[in-house]
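Read through the structure below, which is laid out as structure tokens, and then see the notes.
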Amino acid sequence: MDFHDVRFPARLSFGSMGGPERRTEIVALANGHEERNTPWAHSRRRYDAGVGLRSLDDIAELVAFYEARRGEMFGFRWKDWADFKSCVPSREVHFEDQVIGIGDGETTLFHLVKTYRSGGAEYHRPIAKPVAGSVRIGLHDTEQVQGTDYEIDLAAGRVTFAEPPVDGIAVTAGFEFDVPVRFATSRIVTSVASVQAGEVPDVPVVEVRI
């Protein structure tokens, strides 16, 4: 797909509003019960990039970034300040944060995932855009060495081991990550007066599938 592997300025995304959405089809039956179904296996995130803009220089930086992406044409990385680690925000990334697979003695390729748990239910979110220098990989309780024991594909969130992990061993990972997004508007409307008055433009961005 058309994607530029560059991050939207993190200082501009700080303070932005947004989060996950899910599509659920609900049919109300004659007896008052409901039938619910979802066509989406994964949630989709939306954000407003305009909230973090506080000056004319910020507007200029946004416009330059928008033009370089050709508006809605090319995707880019986005830092979700509320959810950008394999652990809770207050902790440091550790190689045992997430279990991304179980060795079988043959498989060498594993995909990064983040698991969300609540009330006995789980959701496994694929992570396609890990942050360079943040990924840590472990086997059982031992951290592995990048470049020797494994390689990481930062463009797709894939981990490839030099040797397949032995049968039954847990493959774990810790990482920071970005959300792949694109602009969700065909135009940006700004004015000097509105910025000076403390108003911000509406600049929606939406997650894209990788």
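Summary table below
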{"quantity": "Tally, over the stretch 136-153, of residues that are assigned to a loop (DSSP other than H, G, I, E, B), farther than 17 Å from L109 by Cβ, modelled with pLDDT of 95 or more and in contact with a strand residue (DSSP E or B) (Cβ under 8 Å, 6 or more places away or on another chain)", "calculated": "0"}
{"quantity": "The stretch 4-15, residues that are in contact with a Gly (Cβ under 8 Å, 6 or more places away or on another chain), open to solvent by less than 80 Å² (accessible area, probe 1.4 Å) and not in a strand (DSSP E or B)", "calculated": "L12, S13, G15"}
{"quantity": "Any hit, the stretch 27-46, residues being among the hydrophobic types (A, V, I, L, M, F, W, C) and in contact (Cβ under 8 Å) with a residue 60 or more places away in the chain", "calculated": "no"}
{"quantity": "Unique match (being open to solvent by 50 Å² or more (accessible area, probe 1.4 Å), of a type in the set (S, T, Y) and outside any loop (DSSP other than H, G, I, E, B)) among Y123, Y116", "calculated": "Y116"}
{"quantity": "Checking V192 against (1) open to solvent by less than 70 Å² (accessible area, probe 1.4 Å); (2) farther than 30 Å from S43 by Cβ; (3) at pLDDT below 90, the condition it does not meet", "calculated": "(1)"}
{"quantity": "Odd one out for T24 among (1) in contact with a Phe, Trp or Tyr (Cβ under 9 Å, 6 or more places away or on another chain); (2) in contact (Cβ under 8 Å) with a residue 40 or more places away in the chain; (3) among the hydroxyl-bearing types (S, T, Y)", "calculated": "(2)"}
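This table checks each residue for (1) modelled with pLDDT of 95 or more; (2) loosely packed, with under 10 Cβ neighbours inside 10 Å.
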position: D2; (1), (2): no, no
position: M17; (1), (2): no, no
position: R23; (1), (2): no, no
position: R36; (1), (2): no, yes
position: A41; (1), (2): no, yes
position: G50; (1), (2): no, no
position: A68; (1), (2): yes, no
position: G75; (1), (2): yes, no
position: D83; (1), (2): yes, no
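The values are calculated or read from the model by the stated rules, or taken from the named source; none is laboratory data. Computed from a predicted structure; not experimentally measured. Please note: Cβ atoms are built from the backbone with ideal geometry, for glycine as well, and neighbour counts cover all protein chains shown. Note: areas computed on protein heavy atoms with side chains; ligands, DNA, RNA excluded. Shrake-Rupley method; radii C 1.70, N 1.55, O 1.52, S 1.80 Å.
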